[in-house]
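For reference, the structure discussed in these notes is given below.
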Amino acid sequence: MNPFFFGPPDHRLYGVYHPPAHSQRPSSQVLLCPPFGQEAVRTHRLHRLLAEHLSRQGVHVMRFDYFGTGESAGADQDGTLTQWRDDILMAHAELTLRTRAQRTTWLGTRLGATLAIMASELCDQPVDRLILWEPILDGQAYLKELGEAHARETFVAVVHAQRPSALVRDEVIGFGVSEAWLKQMNDLSITKLNPQCKEACIHLARAEDTSSTGPLSVKCEAMGTRWQHIPTSTSVAWHTEEAGGSALVPPDLLRQLVAASTGDLA
């Protein structure tokens with residue numbers, strides 16, 4: 001595991017490269033695109049363990065933080081969806097420079113999956129596989145979800161006279177957001193998303209979430225790209241602050257993510 005900074009001096013991003021333990025598998029690389037806010041806290045350990053599992057199978061893996069998040073430069077309010085989209089492209093270029101891998105997979109979680117779709121439209125060479133774990137496909141619905149979670153998690157009955165507003169203004173459970181971020185999130189719609197990849201677009205979510213992705217599957221199939229839904233049995237409480245100190249690493253989900261990343265899913 002090799003932590004490092006990359007990008008121009010005024011836009012330094014933090015990355016962690018997991019080199020392959022052996023070279024038996026054909027040269028392949030996986031870029032992990034994290035979610036937003038508390039969801040990133042929830043999945044940090046899972047992404048690390050996923051990277052370790054993949055590297056032991058001979059895969060190059062890279063994790064990174066978007067600008068204004070985690071260990072990267074910038075403040076919370078500096079982040080926007082278009083900026084984070086471009087950060088994925090920058091991280092992809094950095095990983096490819098290090099590995100010269102022949103095959104590329106991007107695995108995005110929640111908003112990270114949405115950003116991966118957005119970035120795929122601008123990538124010079126389409127990636128081979130997109131893995132989308134519960135992507136955010138309706139920005140306004142997501143803001144409502146975030147606002148309700150913020151009101152719930154920040155309300156203390158013995159301190160506050162009334163529950164705070166569920167309208168997202170400048171913070172979501174400890175993570176600041178800007179007006180530009182809010183505007184772009186309000187404009188986010190599945191109709192504006194056009195995933196681009198060579199081989200397959202794999203959607204991981206609970207079975208009841210399949211109906212919302214219909215437009216994406218149609219677009220993929222029209223381009224000759226395979227669309228595959230993989231049902232998960234894991235129900236994640238995404239917006240519990242710090243997850244009560246617990247870590248999200250369901251074994252079955254980890255196995256599914258590893259299999260999807262290596263192309264071993266049936």
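If you check T114, T191, T154, T104 for being hydroxyl-bearing (S, T, Y), out of contact with any helix residue (DSSP H, G or I) (no Cβ under 6 Å at 6 or more places or on another chain) and at pLDDT below 90, only one passes: T154.
Residues in the stretch 88-99: is at least one over 22 Å from A205 (Cα atoms), buried (at least 18 other Cβ atoms within 10 Å of the Cβ), without any contact (Cβ under 8 Å) to a residue 60 or more places away in the chain and not β-branched (V, I, T)? The answer is no; no qualifying residue exists.
In the stretch 1-19, the residues that are on the phi > 0 side of the Ramachandran plot and in contact (Cβ under 8 Å) with a residue 40 or more places away in the chain never reach a residue that is surrounded by fewer than 16 Cβ atoms within 10 Å (Cβ to Cβ) and in a strand (DSSP E or B) with C-beta atoms less than 9 angstrom apart, at least six apart or across chains. Annotation: of all residues in the stretch 194-222 being surrounded by 15 or more Cβ atoms within 10 Å (Cβ to Cβ) and of a type in the set (A, V, I, L, M), the one that is modelled with the lowest pLDDT is A205. Within the stretch 223-234, can you find the residues that are loosely packed, with under 13 Cβ neighbours inside 10 Å and closer than 19 Å to P250 by Cα? The answer is S233, and nothing else.
If you check T69, T43, T82 for being assigned to a loop (DSSP other than H, G, I, E, B) and either among the hydrophobic types (A, V, I, L, M, F, W, C) or within 30 Å of L146 (Cβ to Cβ) (or both), only one passes: T69. Of the residues making up the stretch 45-68, just one is under 11 Å from the mean Cα position of the chain (by Cα) and over 19 Å from H11 (Cβ atoms), namely H47. You will find that of S27, S72, the residue that is at pLDDT 95 or above, surrounded by fewer than 23 Cβ atoms within 10 Å (Cβ to Cβ) and small (G, A, S) is S72 and no other. Remark: pairs (first residue in the stretch 168-179, more than 9 Å from L146 (Cβ to Cβ) and in a strand (DSSP E or B); second residue modelled with pLDDT of 90 or more and among the hydrophobic types (A, V, I, L, M, F, W, C); Cβ separation under 7 Å; 6+ apart in sequence or on different chains) = E171/V177.
The values are calculated or read from the model by the stated rules, or taken from the named source; none is laboratory data. The model shown is predicted, which means the values in this text are computed figures rather than measured ones. Here Cβ is always computed from backbone atoms with ideal geometry, including for glycine, and neighbour counts include all displayed protein chains.
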